[in-house]
Amino acid sequence: MQNNNLPAHVGLIMDGNGRWAKKRLLPRSVGHKHGMNRMIGLAEHAQKKGIKFLTVYTLSTENLARPKEELDGLFGLFRKYFTENVKKLYAKNSAVKVIGDISALPEDIIRLLRDGEKNSPDGAEFTLIFAINYGGRAEIINAVNRAIERGEKLDGKGFASLLYTDGIPDPDLIIRTGGEFRLSNFLTYQSAYSELYFTEVYFPDFSDAEFDKALANYAARERRFGKVK
C-alpha cells in the first residue's frame, strides 16, 4: 500500500468489549481492560503504518448513563494504566489530545487527561485523540452557541474552528468494530465525507491484521467528494 492511499486520520469506534467478555462468561470490566490494551497496541501499529491521527471513541455522552459500577470500572482502568501507556506513546514521538466535555468526569481523571495533553512532545509525528464524554450533536450545539455569543456569521472554515477538532483534518476513514452499522453520534460534522468500514470483530480481537484489512479496503476505494472523475 502506497502512502498516498493511506488515510491521514482514522476514527475508531471501539465496540464490543462487553459482548467479548460476556461470550467468555467474564465481567464486562475484563472486556474493557482487554480493549484498553488493544487500543494502545493499535495506536502503535497505526503510527508504524504512517497514520497521522487516530481518534478513538472512548466514552460517549450517552455512555455516562451506564451503571455506576461499569463507569467506576472504566475510570479505574484510566487511573491504573493511562499514564503508563501514554509515556510509551511519548517515547515513540506520539502526542495525546482529548476531545469532548470532560468537565463531567471525576476530577482526578480530568487531571490525568490534561496532563496527558500538556506533557505530549512538540512536533509529534502521530496523535492519539481520545473522544471522552463526546457527542457529535453536543459538539455542534456548543459551536453554534459560541458563534452566537461572539455575534459572528461563519463560513465552513470558521465553524470548524469552533469544534473540538480545530486544527485536525477530518477523518478519511471511520472504522466500527462489534457488528453494529451506525456512527452513534461520533464526529457527526467531521464525517460528512469519511469512508466507513464495519466489521463484526469485537474490539479486543481487532488485531493489527484486521486494521490492515480496513486500510486495504480504504485504499481500493475512489473518493470523489461529490465530483465526477
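The values are calculated or read from the model by the stated rules, or taken from the named source; none is laboratory data. Treat the numbers as computed from the prediction; the structure is a model and nothing was measured. Counting neighbours? That spans all protein chains shown, and the Cβs are built from the backbone with ideal geometry, glycine included.
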Next item on the list: Identify the single condition in (1) of a type in the set (Asp, Glu); (2) farther than 28 Å from residue 213 by Cβ; (3) crowded, with 16+ Cβ neighbours inside 10 Å that residue 44 does not satisfy, given that it satisfies every other one.
Entry: (2)
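Yes/no matrix, rows are residues, columns are (1) hydroxyl-bearing (Ser, Thr, Tyr); (2) out of contact with any Ser or Thr (no Cβ under 9 Å at 6 or more places or on another chain); (3) over 27 Å from residue 63 (Cα atoms):
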residue: 155; (1), (2), (3): no, yes, yes
residue: 160; (1), (2), (3): no, yes, no
residue: 179; (1), (2), (3): no, no, no
residue: 198; (1), (2), (3): no, no, no
residue: 206; (1), (2), (3): no, no, no
residue: 209; (1), (2), (3): no, yes, yes
residue: 222; (1), (2), (3): no, yes, yes
Notebook entry, point to check: Somewhere in segment 141-157, is a residue within 25 Å of residue 214 (Cβ to Cβ) and not aliphatic (A, V, I, L, M)?
Noted result: no
Next item on the list: Give the number of residues within segment 29-38 that are crowded, with 23+ Cβ neighbours inside 10 Å and either modelled with pLDDT of 95 or more or of a type in the set (Ser, Thr, Tyr) (or both).
Entry: 0
Next item on the list: Among the helices (runs of 4 or more DSSP H) lying completely within segment 92-185, list those that include at least 3 residues that are under 17 Å from the mean Cα position of the chain (by Cα).
Entry: 107-118, 136-150
Notebook entry, point to check: Across segment 187-205, what is the number of residues that are in contact with a helix residue (DSSP H, G or I) (Cβ under 9 Å, 6 or more places away or on another chain) and more than 22 Å from residue 226 (Cβ to Cβ)?
Noted result: 6
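Being under 20 Å from residue 39 (Cβ atoms) and modelled with pLDDT of 95 or more, is that true of even one residue in segment 151-165?
Yes, there is a match, as at least one residue in segment 151-165 is under 20 Å from residue 39 (Cβ atoms) and modelled with pLDDT of 95 or more.
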Item checked: Positions within segment 72-121 being surrounded by 18 or more Cβ atoms within 10 Å (Cβ to Cβ), small (Gly, Ala, Ser) and under 18 Å from residue 134 (Cα atoms), in sequence order -> 100, 116
Item checked: Single condition residue 82 does not satisfy, out of (1) part of a helix (DSSP H, G or I); (2) modelled with pLDDT of 95 or more; (3) touching a helix residue (DSSP H, G or I) at 6+ places or on another chain (Cβ under 8 Å) -> (2)
Note to self: Whether any residue in segment 163-185 is touching a Lys or Arg at 6+ places or on another chain (Cβ under 6 Å), of a type in the set (A, V, I, L, M, F, W, C) and within 25 Å of residue 107 (Cα to Cα) is what I want to check.
What the structure shows: no
Check: When you go through (1) surrounded by fewer than 22 Cβ atoms within 10 Å (Cβ to Cβ); (2) under 26 Å from residue 76 (Cβ atoms) one by one for residue 50, which number turns out not to apply?
Finding: (2)
Note to self: Go through (1) surrounded by 13 or more Cβ atoms within 10 Å (Cβ to Cβ); (2) out of contact with any Pro (no Cβ under 6 Å at 6 or more places or on another chain); (3) hydrophobic (A, V, I, L, M, F, W, C) for residue 173 and report which single condition fails.
What the structure shows: (2)
Margin query: For residue 137, only one of the following conditions fails: (1) surrounded by fewer than 20 Cβ atoms within 10 Å (Cβ to Cβ); (2) within 22 Å of residue 94 (Cα to Cα); (3) out of contact with any helix residue (DSSP H, G or I) (no Cβ under 9 Å at 6 or more places or on another chain). What is its number?
Written below: (2)
Item checked: Residue in segment 153-164 that is surrounded by 13 or more Cβ atoms within 10 Å (Cβ to Cβ) and in contact (Cβ under 8 Å) with a residue 40 or more places away in the chain present -> yes
Next item on the list: Return only the number of the condition from (1) β-branched (Val, Ile, Thr); (2) over 20 Å from residue 38 (Cα atoms); (3) in contact with an Asp or Glu (Cβ under 6 Å, 6 or more places away or on another chain) that residue 96 does not satisfy.
Entry: (2)
